[in-house]
1. Of the cross-linked pairs K48/K306; K59/K94; K87/K360; K306/K349, which ones have a Cα-Cα span greater than 26 Å in the structure shown?
2. Percent antiparallel among DSSP beta bridges with both residues in the chain, to the nearest 5?
3. Give me the angle, in degrees from 0 to 90, between the Cα long axis of helix 171-180 and the longest principal axis of the Cα atoms of the chain, rounded to the nearest 10.
4. If the viscosity is 1.306 mPa s and the temperature 10 °C, what translational diffusion coefficient in µm²/s does Stokes-Einstein give for region 304-373 when Rh comes from Kirkwood over Cα pairs?
5. Between G357, G254, G121, where does the largest GNM mean-square fluctuation fall for the chain, given springs only between Cα atoms within less than 10 Å?
6. With +1 assigned to the C-beta of every Lys and Arg and -1 to the C-beta of every Asp and Glu, and no other charges, what is the dipole magnitude of the chain about the Cα centre in debye, to the nearest 20?
7. Could you tell me which of T353, G47, Q291 has its Cα farthest along the dipole of the chain towards the positive end, charges placed at Cβ (Lys, Arg +1; Asp, Glu -1), taken about the Cα centre?
8. Using a ≥ b ≥ c from the Cα gyration tensor of region 222-293 (square roots of the eigenvalues), is it rounded, prolate or oblate, where a/c under 1.5 gives rounded and otherwise the larger of a/b and b/c decides, a/b for prolate?
Amino acid sequence: MEKNNPFITNGYVSAAYFCDRVTETETLTRYITNGNNVALISPRRLGKTGLIEHCFHQKHIGDKYYTFLIDVYATKNLQEFVFELGKGILNGLKPRGRKAWDLFLSCLSSLRAGISFDFAGNPGWNLEMGDIKTPSITLDEIFYYLEKADRPCLVSIDEFQAIAKYPEKNVEAMLRTHIQHCTNARFIYAGSQRHMMGEIFTSPARPFYQSTAIMELHPIDMRTYTKFIRKHFIVANKDITEETIQNVYERFEGITWYIQFISNSLYAMTDIGDICTADKVNIAIENILSQLNFTYSSLLYQLPPKQKEVLFAICKERKAKEITSSRFLKTYKLTASSVQGAIKGLLDKDFVTCELGEYKAYDKFFEIWLLKQSK
């Protein structure tokens, strides 16, 4: 009988399907259970959220703490931040039963009229953004709850660097003050933009300066990932060559999400009793790209011409440096002004990332698809 695909591409299932991160799990757990807040920094799709969920799913954490996962990636201002924070806390408390969430709701005086209940008596976050009339007051109420909760709380805020772009000028100072005075909660600030996270936590002029431990996440070692992937194939009476895994690992620079996605596809393509070989990798990628073709075509159509030209140029370079240099401009028939104008839009829309002066396409599948279009 065919087993469920063990290569998870979305969310967290259990420790059995989580690859390694033993040292990182121990370090993060030690920080947050010993009174420290943590800034967790790594490029997107390397597994920050998975690591945090893995920590939160440990029995001794679940038995002693309330844990909350908040994603503020799409937030644009303090009102939206408070909305996501409140929703995330309520969602985290609902499985814990009425006693757990009753205190939280009793603290939310400013929103009580907007909370509804289903037939089983469970609360729902059926608020509209506009229901949060005064975000600073609602934030006070949420932190009042975190301080009064009957268990210590662990709060993970994903893509924390988003707060640096909010139009309100005092958000960092406001949050820092609340967190500083909240003795019953510890915070994990996860972020994917190294420069912005560095500014928030290491600049003496910023409120969060020297307020946290800082952890960087790096790719899982290739030998460790090879062992993990082969183990799951063998358990299902399948096999995969080390060469195949190495091909995937190197092609996608050890980035967890892509390795999981390709491994998921290769596992599905391999029959019981068969061996998955390196020639299957390109087939798996082609299958994935064909599924994404409509999405990628739509994205490309929406891009202004200059942004499209610069994006193609960066994809062809794979890792582009000095994008206003004469070599880069001459190679791709661009002008310095058009590159400078286009790159801001590409960075804002997350088509491109920039780390230490090196520009890369954010989505590696999109990069492969684009390069095929340009042939």
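1. Pairs exceeding the cut-off: K48/K306; K87/K360.
2. So the antiparallel bridges in the chain amount to around 25 percent.
3. So the inclination is approximately 60 degrees.
4. Roughly 135 µm²/s, to the nearest whole number.
5. Of G357, G254, G121, the most mobile in the Gaussian network model is G121.
6. 500 debye
7. In the chain, that residue is T353.
8. Here region 222-293 falls in the oblate category.
Only the coordinates and a few stated rules stand behind these numbers; no lab work does. Just so it is clear, the model here is predicted, and its values are computed rather than measured. Counting neighbours? That spans all protein chains shown, and the Cβs are built from the backbone with ideal geometry, glycine included.
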